[in-house]
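Novice: What follows is a single structure, and I will ask about it in a moment.
The values are calculated or read from the model by the stated rules, or taken from the named source; none is laboratory data. None of the values given here were measured: they were computed from a predicted structure. Glycine gets a Cβ as well: all are built from the backbone with ideal geometry, and neighbour counts include every protein chain shown. These accessible areas exclude ligands, DNA and RNA; they are computed on the full protein's heavy atoms, side chains included. Shrake-Rupley method; radii C 1.70, N 1.55, O 1.52, S 1.80 Å.
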Amino acid sequence: MCTRCASFFVSLKRRCPRPSGLFNLVITKACVLGLLFGAVWSVTGIECLPGGKVFGVVIIFISAVLGGRLVGMVQFPGLPPIPPLLGMLLAGLILRNVPYVTDAVYVEATWSAALRSIALAVILARAGLGLDPSALRRLKAVCLRVAVGPCILEACVVAVVSHFLLSLPWVWGFLLGFVLAAVSPAVVVPSMLLLQKEGYGTEKGIPTLLMAAGSFDDILAITGFSTCLGVAFSTGSTWMSVLKGLLEVVGGIVAGIVLGFFLCLFPSGDQEDLVVTRSFLLLGFSIFAIFLTQVLGASGAGGLCTLVLAFLAALGWGADKMGVAAILGRCWDVFQPLLFGLIGAEIIITTLSLNTVGLGVAVIAIGLVLRLVATFVLVHGAGFVLKEKLFIAIAWLPKATVQAAIGSKALDAARDVGDDALVKFGLDVLTLAVLAILITAPIGALGIGLAGPRLLSRQDKGQLSSETVNGVPPLPGQYQDSVVFESRL
């Protein structure tokens, strides 16, 4: 009987068509999401029903995943894909602003802040692992100018303009400036890889130049933000506030050095499950640093500590860091939808002032224009022609991941203090961070895709191995894993 049943099922399998393609994908993903919801409901019970705390988190996560998938499916021939993070952000924004739905999808502020802090720890740990020490040693002057100059200039311009247009205090203006000044490797790197694959700009190493400078631009913006955050929430005289902010920076770096050397030594290479243990320790230290510094009132130190410890740990691990980076990449697959979904859910459209939104767009636009001009000027004398300079300036505009990661930190700190005026400033910072993502991420991705083939010279694919940056060969191992790690952030 068993033999007959087996034969029957084998023949049935041969005769019946097997679903595949998009239909199979949709059914599979729906099943995974349904099982996820069912598993959480079986553990949490009523909290996973509409109006419960867990229900809101689960629905935002599922909606953000679906939103990212839908936006990622939008593909124009010859252009880089639209960043899926836009769909995740819009999913949270819609859930928060649809009547009746917003009451059912409720996320407690402390839960939201905690989840976003964990996502920040994952981002910073991946950024520290992704920094290439050979790039630090061999960074050309033009790459250093592109990484530092536009970031500092845009931060200062935004600080001045927001002080007069939005009435932000000077320290909050600079805090906003560093939030908006970071370029987004999550948009730039995939676009550069697409152009590099087709041979555009590779003769002068323009894709390599921009990908190498992207991480350092972000590190500078995060450092400036951490310093301003420490100053904004310190008490006492102005000089003492500045000193406290600087001490937070120094303290974060020192703590990161100590923890980084610890991870180089422990666990030893002869232990079992080495990659898993290292990943657990790195994530554990990173999350602990973020939360501990928040409790101690030194929020600016946590991010720098995480960056430094991850970078030093990667130096000690050498090529073995790839396994750790892969595990952190899987963690990011979970926390990226949560981060962007929760960021979108923080924005309540009915409470936004049209005046604030309009002036905020003006602040962003002025900063972007001057950033474009500064980038164009700073690459002068590096051997690029006019069209290549213009392309580099365009490619240096999009913003996304860093804005989502740190844009809400000031608001969280203000809510902890309980000062209504500081909460308003924090909401302004978060609103402008979201507006910057919505405006610049799609424009930047499409701008790079359209401008690249028109402004850059094309090199034969057979000559791509000889790509140079002003005569210097590409950095060893530079961005070989960019596709897997989504631009290391």
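Novice: Could you tally the net charge around HIS380, taking each other residue with its Cβ under 13 Å from the Cβ of HIS380, Lys/Arg +1 and Asp/Glu -1?
Specialist: Numbers: positive: ARG145, LYS389; negative: GLU388.
Neighbourhood net charge equals +1.
Novice: Here's something else I'd like to know. Given the Cα-Cα distance of LEU450 and PHE266 and 0.36 nm per residue of separation, how much length would full extension add, in nm? Write down the numbers at each step before the final one.
Specialist: Details: separation 184, 0.36 × 184 = 66.24 nm, distance 4.84 nm.
Contour length minus Cα-Cα distance gives 61.4 nm.
Novice: With a Förster radius of 22 Å, plug the Cβ-Cβ distance of ALA365 and VAL250 into 1/(1 + (r/R0)^6) and report the FRET value to the nearest 0.05. Intermediate results must be reported in sequence, preceding the final value.
Specialist: Working: r = 36 Å, r/R0 = 1.62.
For R0 = 22 Å, the calculated efficiency reads 0.05.
Novice: Ok, one more. At a Förster radius of 45 Å, what calculated FRET efficiency corresponds to the Cβ-Cβ distance of THR350 and VAL258, to the nearest 0.05? Write out the running numbers ahead of the final one.
Specialist: On the way: r = 48 Å, r/R0 = 1.06.
Result of the calculation: an efficiency of 0.40.
Novice: Strictly over 31 Å apart at the Cα level, which of LYS29/LYS399; LYS389/LYS409; LYS197/LYS387; LYS321/LYS389; LYS321/LYS409 would you flag in this model? Mind showing how you got there, number by number?
Specialist: Values: LYS29/LYS399 29 Å; LYS389/LYS409 35 Å; LYS197/LYS387 20 Å; LYS321/LYS389 35 Å; LYS321/LYS409 29 Å.
Long pairs (Cα-Cα over 31 Å): LYS389/LYS409; LYS321/LYS389.
Novice: Measure off, as a whole percent, the carbon and sulfur share of the 1.4 Å-probe accessible area of the chain, all protein chains present. Present the calculation step by step, with values, prior to reporting the outcome.
Specialist: Working: 15650 of 22000 Å².
Carbon-and-sulfur percentage of accessible area, whole number: 71.
Novice: Could you point to the label whose value was computed as Rg and Dmax of the Cα atoms in Å for the structure here, given (1) 34.9, 115; (2) 31.5, 109; (3) 23.5, 88?
Specialist: Only one option fits the structure, namely (3).
Novice: Starting from the 7 Å offset along Cα-to-Cβ, what nm value, one decimal, do you get for the label separation of VAL32 and ILE327?
Specialist: If labels sit at VAL32 and ILE327, their model points lie 2.1 nm apart.
Novice: How far, in nm, would the chain grow between GLN75 and LYS387 when pulled straight, counting 0.36 nm per residue and subtracting the alpha carbon separation? Walk me through the numbers on the way to the answer.
Specialist: Numbers: separation 312, 0.36 × 312 = 112.32 nm, distance 2.60 nm.
Working it through step by step, the gained length comes to 109.7 nm.
Novice: Something else: For the stretch 244-321 and the stretch 323-354, what is the centre-to-centre distance using only Cα atoms, to the nearest Å?
Specialist: 22 Å
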